[in-house]
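Colleague: A single structure is presented below for examination.
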Amino acid sequence: MAPGPTTATVMSEGLDCLYIAHLLLGGKGLLTRQSRGPSRICNIFHMSRKKGNSVTQAEGRLGQWLGSIQARCGDLAASEAKVAALLLADPLFVGASTTAEVAARAGVSPPSVVRAARAIGFAGFTELKLEIARARGTAGFFAPPAALAADAPLAAVLEASIRAGTDALTALGGAVEPAALGKAVGVLHAARQVIVFGAGPSATVAADAVFRLRAVGVTTIGIADHLSAMIAVRLLGRGDAVIVVSSTGRTATTLAIADAAASAGASLIAISNQYGTPLAKLADIALVVGGPPLPAQMAAAGSRLAQLVVVDALVAALALRDPARTRRAERAGIDLPDLS
């Protein structure tokens, strides 16, 4: 089927993530397993892949599953966090071991292993092992990425960067909740104005969000200075929205902005890596990207790519929801000089 006018408008804005937005907003193939209430949901997208792709369907589902696990490790007790770290680093060992063996390697008690499995959304350790067993044919995917040495060749650096991005995007499908994404789209569509803030590496994602939202007609302001942003956010009210970006969900300046937004009555949307962090708990809507365990050299890059895809999905959905406003914004930029 040829694309309609709305699709053509979106593509002209460079939003070639419509397929991603379709999946995130209810596309076919979403498998959901829920336990212990709505706060414990593990989503797995079954994406079709063409022959010749180096990433198999099973590996894709596994990466998304690991992403959902990582997303729910933000508020674990110390002993549970040790078990979760071992699961993410060596899931095949966990899948083939007893609770006592896992406890010994993680340095915790056997009951802590069971509590950890329940805390990340499983009925118990047995169910966790069954989930791992379904992916035993993809052992190569579990190989932990090695930290780059100082004398690493550029080819190895490039390969590690590509893998970090691929793993982060794969994990995103298992972490982000379509319902939360839909709520964020509704809030942004109705908002009188939107302020976006991010500190450090997250500032680049915030800046991209400002431009992209403006390009589809959303009145959006980006303020890099913390003090100026604090003043602006305190002057907001109901009907306004604030987007804060923080991979850790614990950055002090970002939490201060988030707290000010909540106090002012503005809707708070957080883009972060995990549930259970101070930022995710404070937000009205948490868009969590998860992410696989990566070496420190690659963790920030992987998170940033996943967060940018979430921004892409938000913008694509807004453009589809209000094509008239998107066209007005497009016309507003016609006279801008071509700086390319």
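Colleague: Assuming R0 = 35 Å, can you tell me the calculated FRET efficiency for the pair Arg163 and Asp225, based on Cβ-Cβ distance, to the nearest 0.05? Intermediate results must be reported in sequence, preceding the final value.
Modeller: Working: r = 36 Å, r/R0 = 1.02.
In this case the efficiency is close to 0.45.
Colleague: Expected output is a single nm value to one decimal: the length gained when fully extending between Thr98 and Phe211, i.e. 0.36 nm times separation in residues minus the C-alpha distance. What is it? Could the numbers behind the result be given before it?
Modeller: On the way: separation 113, 0.36 × 113 = 40.68 nm, distance 5.12 nm.
Gain on stretching Thr98 to Phe211: 35.6 nm.
Colleague: If amide hydrogens are placed 1.01 Å from N in the peptide plane, which non-local residues have theirs closer than 5 Å to the one on Ile221?
Modeller: Val194, Ile195, Val196
Colleague: So, in nm, how far is label Arg331 from label Lys183 when the simple model puts each one 7 Å beyond its Cα toward the Cβ?
Modeller: 3.6
Colleague: Work out the FRET efficiency for Leu130 and Arg238 from their Cβ-Cβ distance, taking R0 = 35 Å, and round it to the nearest 0.05. Please report the intermediate quantities before stating the final value.
Modeller: Details: r = 47 Å, r/R0 = 1.33.
The calculated FRET efficiency here is 0.15.
Colleague: Using 0.36 nm per residue, how much length does the chain from Ala203 to Ala155 gain when fully extended, once their Cα-Cα distance is taken away? Provide the component values of the computation, followed by the final result.
Modeller: Working: separation 48, 0.36 × 48 = 17.28 nm, distance 2.85 nm.
Length difference between fully extended and current span is 14.4 nm.
Colleague: Stokes-Einstein at 4 °C, 1.567 mPa s, Kirkwood radius from Cα pairs: D for the range 72-122 in µm² s⁻¹? Don't skip to the end; give the middle numbers.
Modeller: Values: Rh = 10.4 Å.
Value of D from the Cα-based Kirkwood radius: 124 µm²/s.
Only the coordinates and a few stated rules stand behind these numbers; no lab work does. Keep in mind that this is a model prediction, so the values were computed, not measured. We place every Cβ from the backbone using ideal geometry, glycine too, and count neighbours over all the protein chains shown.
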